[in-house]
């Protein structure tokens, strides 16, 4: 299994900080049993259609999470497929919030720039964005919710969800793109 190691960086601009989540095993964390590791590695990917319309500019078309479950202290690789519905005059940042599915407490965050600036996206173009979701080893929820949206760091405004009746969201322009179970 390929493991991604992302060094912890803090990018601060205009008063907003972006902290990419680390991936891989945390130092000092107990190693999961081989059976648990094998079960996680064998779990099929989650492949989820979404359909969220953000500001009549972007459609969140599809989300893939590999593997489809994971262990605390490990990562899940995520791919989100965005479709540009129109030209986008603003360069948005992708925000990703990871929450305990039962308690709603944030356990991680992976804000990042898209693979190319949103102002360069062309109408009908599909953009594949990849990132890793990491859960610290000391956090052990049954599942995590992965919420995503687009945010303008200059104005601190999120791109508005236009079809909230058709997709799962928190009512605050954060779209639930996946619920990933943790291996027990």
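The values are calculated or read from the model by the stated rules, or taken from the named source; none is laboratory data. As the structure is a prediction and not an experimental result, all values here were calculated from the model. Cβ: placed from backbone, ideal geometry, glycine included. Neighbour counts: every protein chain shown.
Tabulated results
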read-out	value
Number of the exception - residue 173 against (1) touching a strand residue (DSSP E or B) at 6+ places or on another chain (Cβ under 8 Å); (2) part of a loop (DSSP other than H, G, I, E, B); (3) at pLDDT below 95; (4) surrounded by 14 or more Cβ atoms within 10 Å (Cβ to Cβ)	(3)
Extreme residue, surrounded by the most Cβ atoms within 10 Å (Cβ to Cβ), among residues of the stretch 140-149 that are assigned to a loop (DSSP other than H, G, I, E, B) and free of Cβ contacts under 8 Å to residues at least 60 places away in the same chain	141
Residue in the stretch 22-39 that is at pLDDT 95 or above and over 20 Å from residue 120 (Cβ atoms) present	no
Verdict on residue 91 being at pLDDT 95 or above, closer than 16 Å to residue 55 by Cβ and touching a helix residue (DSSP H, G or I) at 6+ places or on another chain (Cβ under 9 Å)	yes
Selection count where residues are surrounded by 13 or more Cβ atoms within 10 Å (Cβ to Cβ) and in contact (Cβ under 8 Å) with a residue 12 or more places away in the chain, scope the stretch 118-127	3
Positions within the stretch 50-60 being over 14 Å from the mean Cα position of the chain (by Cα), closer than 16 Å to residue 129 by Cβ and not in a loop (DSSP other than H, G, I, E, B), in sequence order	52, 54, 58, 59
Long-range neighbours under 9 Å by Cβ, at least six apart or interchain, first residue on the phi > 0 side of the Ramachandran plot and touching a residue at least 60 places away in the same chain (Cβ under 8 Å) within the stretch 150-161, second surrounded by fewer than 13 Cβ atoms within 10 Å (Cβ to Cβ) and in a loop (DSSP other than H, G, I, E, B)	156/14; 156/15
From the options 73, 104, residue that is at positive phi and buried (at least 20 other Cβ atoms within 10 Å of the Cβ)	73
